[in-house]
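Novice: One structure is given below, represented as structure tokens, and several questions about it will come after.
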Amino acid sequence: MNAPLSPPAASEAPARTAEEAIRSRRSVRAFLPTPVPDETLARILELGARAPSGSNIQPWQVMVLRGEPLAALTRELHALSLAGDPGREEYAYYPRQWREPYLGRRRKVGWDLYGTLGIAKGDSERMRRQHARNFLFFDAPVGLVFTIDRDMERGSWLDYGMFLQNIMIAARGFGLDTCPQAAFNAYGAVIARRLAIPDTQMVVCGMALGYADAAAPENRFDTEREPLDGFVRFVDTLA
């Protein structure tokens, strides 16, 4: 099933308003090799850290990978994925038992992506190789690895989500794109060893950051969103 192509991601133009940044944010899965200046990275991460957190505890830690460290880690993780090593999740990102409407949404975005790439249903080899591209950070020039102290509770994970969103929205203000990647959770032990992450911390996720390849078909499909009346209820009276 082929998804309709939308206009290429407008990563060349920085978002000028908060609304434009939010609406233009998308998970980009193919990047140009164009380097991202260190000053730009620093500004994006500083803006990310303006996220709220309970009692201002700021439970986030970030490791920035570029150049040879990025290339070496991605080679190792990509090889593990292609070899069929599933790794070991340190936390459950998805529900253990899928049900509607979530199962239908998950299947649709997967088939829309594969259809855009010309991957037919049942082509497990090409699906496997596409999934393995996660561990190359989709060829982005910057790979971010996020960790959290193991003794933090659910509230801090909520705070972490706002931190990640701040980074993605801030990146659009600089004409950059991102892809948040929970896939890295599976190889948390390998990442911790290679990046000397202490045992007191765990990997939350990775994030690719850079300039989108606007010609790549995987960057030219839109994920659907539920209409407002599908998830919002305006309360006029109490039960």
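The values are calculated or read from the model by the stated rules, or taken from the named source; none is laboratory data. Fair warning: this is a prediction, and the values are worked out from it, not measured in the lab. Reconstructed Cβ throughout: ideal geometry from the backbone, glycine too, with neighbour counts over all protein chains shown. With ligands, DNA and RNA removed, areas are computed over all heavy atoms of the protein, side chains included. Shrake-Rupley method; radii C 1.70, N 1.55, O 1.52, S 1.80 Å.
Novice: Using a 7 Å offset from the Cα along the Cα-to-Cβ direction at both Arg96 and Ala72, what is the distance between the two label points in nm, to one decimal?
Specialist: Simple spin-label model gives 3.9 nm for this pair.
Novice: Rounded to the nearest Å, what's the spacing between the alpha carbon centres of the range 130-186 and the range 39-88? Just the number, please.
Specialist: So the separation of the two Cα centres works out to 6 Å.
Novice: When ligands, DNA and RNA are left out and all protein chains stay put, how many square angstrom of accessible area per residue does the range 118-239 have with a 1.4 Å probe? Can you show the working numbers first?
Specialist: Details: 6140 Å² over 122 residues.
Value for the range 118-239: 50 Å² per residue.
Novice: Can you tell me the alpha carbon radius of gyration of the range 147-201 divided by the globular rule-of-thumb value 2.2 N^0.38 Å?
Specialist: Expressed relative to 2.2 N^0.38 Å, the Cα Rg reads 1.33.
Novice: Right, here's the next one. Rank-order 146-152, 33-39 by packing density, defined as the average count of other C-beta atoms within 10 Å over each peptide's residues, highest first.
Specialist: Averaged packing, sorted descending, gives the order 146-152, 33-39.
Novice: Could you work out Rg/(2.2 N^0.38 Å) for the range 110-239, with Rg from alpha carbons only?
Specialist: This ratio for the range 110-239 stands at 1.30.
Novice: Keeping the other protein chains in place, figure out the carbon and sulfur percent of the accessible area of the chain, with a 1.4 Å probe. Could you put the intermediate results ahead of the total?
Specialist: Numbers: 7510 of 13860 Å².
That share works out to 54 percent.
Novice: Follow-up question, since we're still on this one. Just need log10 I(q)/I(0) for the range 60-103 at q = 0.17 Å⁻¹, Debye formula, equal scatterers on the alpha-carbon atoms, no solvent, rounded to two decimals.
Specialist: -0.78
Novice: Then there's this: Compare the peptides 170-181, 124-135 by average per-residue count of other Cβ atoms within 10 angstrom and give them in order, highest first. Write out the running numbers ahead of the final one.
Specialist: Details: 170-181: 22.7, 124-135: 15.4.
By packing density, highest mean first, the sequence is 170-181, 124-135.
Novice: With viscosity set to 1.567 mPa s at 4 °C, what whole-number translational diffusion coefficient in µm²/s follows for the chain from Stokes-Einstein and a Kirkwood radius over Cα pairs?
Specialist: 68
Novice: Here's another thing I want to ask about it. So what's the back-of-envelope 222 nm ellipticity for the chain, counting only DSSP H runs of four-plus at -39500 (n - 2.57) apiece and dividing by all residues, rounded to 500?
Specialist: Numbers: 7 runs with 85 residues, N = 239.
Calculated from helices alone, the mean residue ellipticity at 222 nm is -11000 deg cm²/dmol.
Novice: While we're here: Per residue Cα convex hull volume for the range 37-117, in cubic angstrom?
Specialist: Spread over its residues, the Cα hull of the range 37-117 gives 212 Å³ apiece.
Novice: Same structure, new question: For Ser55 and Ala79, compute 0.36 nm times the residue count separating them, minus their Cα-Cα distance, and round to one decimal in nm.
Specialist: 4.5 nm
Novice: Here is a follow-up. From the mean inverse distance of alpha carbon pairs (Kirkwood) and the Cα radius of gyration, derive Rg over Rh for the range 90-173.
Specialist: Looking at the range 90-173, the ratio lands at 1.02.
Novice: Under a point-charge model restricted to the Cβ atoms of Lys and Arg (+1) and Asp and Glu (-1), what is the dipole moment magnitude of the chain relative to its Cα centre, in debye to the nearest 20?
Specialist: With only Lys, Arg, Asp and Glu charged at Cβ, the dipole is about 520 debye.
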